[in-house]
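Here's the structure we're looking at; comments come further down.
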Amino acid sequence: MPKIVKNLTDKQIKSAITAHKNQEIKSLVKLSDGKGLFFVIDKKGCAFWRFDYVRPVSSKRNSISFGTYPEVSLGEAREKLTEYRKLISQNIDPIVEKDRKKEQAQFLLDNTFKSVAEEFRKTEELEPSTQKRNAFVWEKLYLSIGNYPISEITATQILDACRLYEKQGKTDSARRMRSKASQVYRYAIALGLCQFNIADQISGILKTGTKTHRAAITDSEKLGQLLKNIDQNFGRGEITVDYALKILPHVFVRPGELRSAKWADIDFEKRLWCYTPPKTKNQTALQHVVPLSDQVFNLFKELYEITCGGEFCFVSMRNSTQVISDSTINKRLKMYGFENGETTGHGFRATARTLLDEVLKFPIERIEQQLAHQVRDMHGRAYNRTKYLEERKVMMQAWSNYLDKLKEN
């Protein structure tokens with residue numbers, strides 16, 4: 001007949017500890033609570049809980065500690081015993097499960113939003129002014145969700161963080177916070193650190209702002225109205241400026257790069273515009289490629305006939321050796337009701353970046369490439385300017401079609 005083991009009591013445990021302290025020659029004390037759970041006092045006087053069991057796969061005997069006493073009480077030790085015996089009934093070794101949870105906990109500690117974001121920021125090659133402008137956004141994101149494991153942050157947490165600034169009237173900062181968070185999540189997904197881009201789940205929830213004039217239009221209705229204004233005023237001013245205004249939203253290059261475009265760089269056969277951005281540090285290695293959508297291709301063909309194939313695409317009608325000035329595009333946009341024409345001209349880049357990401361759902365890496373930002377892959381290698389060109393052709397045509405749709409509506 002098997003020996004019946006009576007459950008331990010707190011009184012028995014405390015008596016054992018007292019007796020052990022009073023012994024001149026200390027020896028191991030082992031009291032059974034049943035079902036493999038033991039209260040142990042070692043020769044050094046350390047009291048702890050131990051579970052002796054048979055490993056489900058190898059059938060070998062093994063022991064695992066539940067923690068020291070009194071940090072782990074008798075009741076808590078029994079709860080842990082029930083949990084581990086349930087694992088064994090499912091053929092799961094408790095010590096293997098314990099190691100797995102420990103590794104998982106360390107993984108979460110190593111992959112907080114801030115740590116992943118810092119790695120992502122190393123892949124960006126932005127102008128110092130842009131980095132300085134983004135510093136505020138990163139600071140606020142780190143303050144609100146920086147120390148949370150990236151795989152455990154909820155969309156509500158990101159929304160709450162953004163709305164702190166939205167309520168202060170800082171709608172642009174709030175939207176940029178969401179956009180930056182989305183970029184970090186896309187990077188994390190590529191590295192296998194999480195499965196979902198929760199920052200995308202709040203896209204469209206944040207306010208677009210109450211200002212009448214915006215440097216970069218991210219509201220589709222306002223953008224459609226601007227495109228309509230450009231069309232309605234086409235032919236009323238300097239013709240090359242008119243074409244520049246029609247083409248710029250489609251290609252979202254820097255206004256200065258568009259103004260200085262040369263016909264020698266336009267490949268009508270391949271439908272590509274290839275040039276070296278003046279802001280690049282390595283003039284020989286980094287050539288930017290702009291796929292020409294059907295709409296842009298036709299506009300360039302019309303413009304070619306007008307300029308008679310001279311050196312520059314957007315030649316000044318007043319001086320055939322010069323291009324249109326840096327203020328002409330900005331002044332024209334200002335006529336359409338925008339306070340800061342210069343940033344609005346440049347703002348088409350931000351417009352495209354936001355809407356291609358949030359509305360058309362194109363990969364942020366392709367958008368960044370098309371903006372002539374140097375983008376690195378998950379291994380830290382910079383993408384070649386011509387890489388993923390076919391994907392970018394599809395994106396540019398989709399963007400032009402989207403602009404036409406906004407204008408029609």
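The values are calculated or read from the model by the stated rules, or taken from the named source; none is laboratory data. Please read all numbers here as calculations on a predicted model, not as lab measurements. Neighbour counts are summed over all protein chains in view; Cβ atoms, including those assigned to glycine, are modelled from backbone coordinates with ideal geometry. Remember, those area values only see protein heavy atoms, side chains included, never the ligands or the DNA or RNA. Shrake-Rupley method; radii C 1.70, N 1.55, O 1.52, S 1.80 Å.
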Which of the residues that make up the stretch 40-53 are touching a residue at least 24 places away in the same chain (Cβ under 8 Å) and surrounded by fewer than 17 Cβ atoms within 10 Å (Cβ to Cβ)?
45
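So that you can scan it fast, the table gives a plain yes or no per residue for (1) in contact with a Pro (Cβ under 7 Å, 6 or more places away or on another chain); (2) of a type outside the set (Asp, Glu); (3) open to solvent by less than 40 Å² (accessible area, probe 1.4 Å); (4) at pLDDT 95 or above:
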{"residue": "205", "(1), (2), (3), (4)": "no, yes, no, no"}
{"residue": "211", "(1), (2), (3), (4)": "no, yes, no, no"}
{"residue": "227", "(1), (2), (3), (4)": "yes, yes, yes, no"}
{"residue": "239", "(1), (2), (3), (4)": "no, yes, no, no"}
{"residue": "246", "(1), (2), (3), (4)": "no, yes, no, no"}
{"residue": "255", "(1), (2), (3), (4)": "no, yes, yes, no"}
{"residue": "260", "(1), (2), (3), (4)": "no, yes, no, no"}
Which numbered condition in (1) under 23 Å from residue 21 (Cα atoms); (2) in contact with a Ser or Thr (Cβ under 6 Å, 6 or more places away or on another chain) is the only one that residue 52 fails?
(1)
Could you list, ordered by first residue, the pairs with Cβ atoms under 8 Å in which the first is in the stretch 186-206 and farther than 14 Å from residue 175 by Cα and the second is among the charged types (D, E, K, R), at least 6 apart or interchain?
186/365; 187/119; 197/186
Got a number for residues in the stretch 74-100 being touching a residue at least 40 places away in the same chain (Cβ under 8 Å) and either over 39 Å from the mean Cα position of the chain (by Cα) or under 27 Å from residue 15 (Cβ atoms) (or both)?
5
Go through the stretch 59-81 and give me each residue that's assigned to a loop (DSSP other than H, G, I, E, B) and open to solvent by 60 Å² or more (accessible area, probe 1.4 Å).
59, 60, 70, 71
Please go through the stretch 99-122 and give me each residue that is of a type outside the set (D, E, K, R) and modelled with pLDDT of 85 or more, ordered by number.
112, 113, 115, 116, 117, 120
